[in-house]
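To keep things clear, I will list the structure first and then write my remarks on it.
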Amino acid sequence: MENYKLKAALFDLDGVVFDTEPQYTVFWGSQCRLYHPEHPGLEQEIKGQTLTQIYDQWFSGPLEKEQEVITDRLNEFEQQMHYDYIEGFEALIADLHAHGVKTAVVTSSNMPKMESVYLHQPDFKTLFDAILTSEDFELSKPDPDCYLKAAQRFGSQIDECIVFEDSINGLRSGRAAKMKVVGLTTTNPKEAISALSDIQISDYQNISFDTLESLLTSHKS
């Protein structure tokens, strides 16, 4: 069997690095009830979508004028959020770095959001070899553009990379990039993401470099 080497671990941000999805559900729940009271539970449907995708589908036409107001509210909300790491994440990052694996954040978040992250987690940048945000991509998830660009940043082949995602669009992006995908059940239940991911985890407590490298060797022709 050919020996596959893990060279790059590519992480989405919310729901993958940080346990922030419940907070976003609170924010979008308030906005959806305000603007779309006829559609209860809309905040659950838009999980994992980019802000542009949410606006295009739900806040266009007569509501387009509200987009700037909602963005201001969101920016203010994100400045007050707490950014707690998913359990076991920091230990996994240390293990990956100890084995020479490059790490990157690949997120649809923009720079104002990231400034809030850096403020609340001053050591965040030291955990990653690269941080790619929405400003770095031409196409949003579920397009594979963001993960392919991350691999290129490290000079890695797609079969040397593993993607960590929680949202449906993010998982589809990793799949479309033809990379191995680890699905986190922080946003969607296991049964909803199992078809889009190679393994499913709730946190990183039982995940290590060895676990991930063995994933690369599985189901290879």
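The values are calculated or read from the model by the stated rules, or taken from the named source; none is laboratory data. Predicted model only: the values in this text are computed from it and were never measured. Here Cβ is always computed from backbone atoms with ideal geometry, including for glycine, and neighbour counts include all displayed protein chains. To get the accessible areas, we keep the full protein, side chains included, count just its heavy atoms, and leave off ligands, DNA and RNA. Shrake-Rupley method; radii C 1.70, N 1.55, O 1.52, S 1.80 Å.
Please go through region 132-156 and pick out each residue that is open to solvent by 40 Å² or more (accessible area, probe 1.4 Å), closer than 29 Å to Ala91 by Cβ and either touching a helix residue (DSSP H, G or I) at 6+ places or on another chain (Cβ under 7 Å) or in a helix (DSSP H, G or I) (or both). Quick ask: steps written out before the conclusion?
The first filter runs over region 132-156 and keeps only residues open to solvent by 40 Å² or more (accessible area, probe 1.4 Å), leaving 134-136, 138-140, 142-143, 148-149, 152-155.
Add one more test, that the residue is closer than 29 Å to Ala91 by Cβ, and what stays is 134, 136, 148-149, 152-155.
Ser134, Asp136, Leu148, Lys149, Gln152, Arg153, Phe154 - these are the residues of region 132-156 that are open to solvent by 40 Å² or more (accessible area, probe 1.4 Å), closer than 29 Å to Ala91 by Cβ and either touching a helix residue (DSSP H, G or I) at 6+ places or on another chain (Cβ under 7 Å) or in a helix (DSSP H, G or I) (or both).
With respect to the numbered conditions (1) open to solvent by less than 10 Å² (accessible area, probe 1.4 Å); (2) of a type outside the set (Gly, Ala, Ser); (3) part of a loop (DSSP other than H, G, I, E, B), which one is the sole condition not fulfilled by Lys113?
Condition not satisfied by Lys113: (3).
Taking region 41-53 as the search range and keeping residues that are in contact (Cβ under 8 Å) with a residue 12 or more places away in the chain and not polar (S, T, N, Q), which one is surrounded by the most Cβ atoms within 10 Å (Cβ to Cβ)? Before you say what the answer is, go through the steps one by one.
Initial filter on region 41-53 (in contact (Cβ under 8 Å) with a residue 12 or more places away in the chain): 42-44, 46-53.
From what's left, not polar (S, T, N, Q): 42-43, 46-48, 51.
Working: Leu42: 18, Glu43: 19, Ile46: 18, Lys47: 18, Gly48: 24, Leu51: 19.
My answer is Gly48.
Of the residues that sit in region 157-192 and are of a type in the set (D, E, K, R) and in a helix (DSSP H, G or I), which one is nearest to the chain's Cα centre (by Cα)? Please lay out each step first, then the result.
To start, the set of residues in region 157-192 that are of a type in the set (D, E, K, R) comprises 159-160, 165-166, 172, 175, 178, 180, 190-191.
The next check asks that each one be in a helix (DSSP H, G or I); those that pass are 159-160, 172, 175, 190-191.
Details: Asp159: 20, Glu160: 19, Arg172: 12, Arg175: 14, Lys190: 16, Glu191: 19 Å.
Residue satisfying both the conditions and the ranking: Arg172.
Among the residues that make up region 8-25, is at least one of them modelled with pLDDT of 95 or more, part of a helix (DSSP H, G or I), surrounded by 14 or more Cβ atoms within 10 Å (Cβ to Cβ) and not hydroxyl-bearing (Ser, Thr, Tyr)?
no
Just name the residue that is surrounded by the most Cβ atoms within 10 Å (Cβ to Cβ) out of those in region 201-214 that are in contact with an Asp or Glu (Cβ under 9 Å, 6 or more places away or on another chain) and farther than 10 Å from Leu92 by Cβ.
Out of the qualifying residues, it is Ser202.
As an exercise: evaluate Ala94 against (1) outside any loop (DSSP other than H, G, I, E, B); (2) in contact with a Lys or Arg (Cβ under 8 Å, 6 or more places away or on another chain) and give the number of the one condition it does not meet.
Here Ala94 clears every test but (2).
Could you list all residues from region 164-192 that are acidic (Asp, Glu) and either touching a Leu at 6+ places or on another chain (Cβ under 8 Å) or buried (at least 21 other Cβ atoms within 10 Å of the Cβ) (or both)? Walk me through it before giving the result.
The initial filter retains those residues of region 164-192 that are acidic (Asp, Glu), namely 165-166, 191.
Selection gives Glu165, Asp166.
If you take the residues of region 41-60 that are in a loop (DSSP other than H, G, I, E, B) and over 20 Å from the mean Cα position of the chain (by Cα), which of them is farthest from Phe27 (Cα to Cα)? It would help to see each step written out before you state the result.
Keep residues of region 41-60 that are in a loop (DSSP other than H, G, I, E, B), which gives 41, 46-50, 59-60.
Of the ones still in play, those that are also over 20 Å from the mean Cα position of the chain (by Cα) are 41, 59-60.
Numbers: Gly41: 13, Phe59: 15, Ser60: 19 Å.
Residue satisfying both the conditions and the ranking: Ser60.
Could you list, in sequence order, the residues of region 119-131 that are in a helix (DSSP H, G or I), over 16 Å from Arg153 (Cβ atoms) and open to solvent by 40 Å² or more (accessible area, probe 1.4 Å)?
Within region 119-131, Leu119, His120, Thr126 qualify.
If I ask for residues that are surrounded by 14 or more Cβ atoms within 10 Å (Cβ to Cβ) and part of a helix (DSSP H, G or I), which ones from region 74-90 would you list?
Passing the criteria: Leu74, Asn75, Phe77, Glu78, Phe89, Glu90.
Filter region 193-221 for residues that are among the hydroxyl-bearing types (Ser, Thr, Tyr), under 21 Å from Tyr85 (Cβ atoms) and either in a loop (DSSP other than H, G, I, E, B) or touching a Leu at 6+ places or on another chain (Cβ under 6 Å) (or both) and give the result. Before the answer, list the steps.
First, the residues of region 193-221 that are among the hydroxyl-bearing types (Ser, Thr, Tyr): 194, 197, 202, 204, 208, 211, 214, 217-218, 221.
When the remaining residues are screened for being under 21 Å from Tyr85 (Cβ atoms), the result is 197, 202, 204, 208, 211.
Across region 193-221, the qualifying residues are Ser197, Ser202, Tyr204, Ser208.
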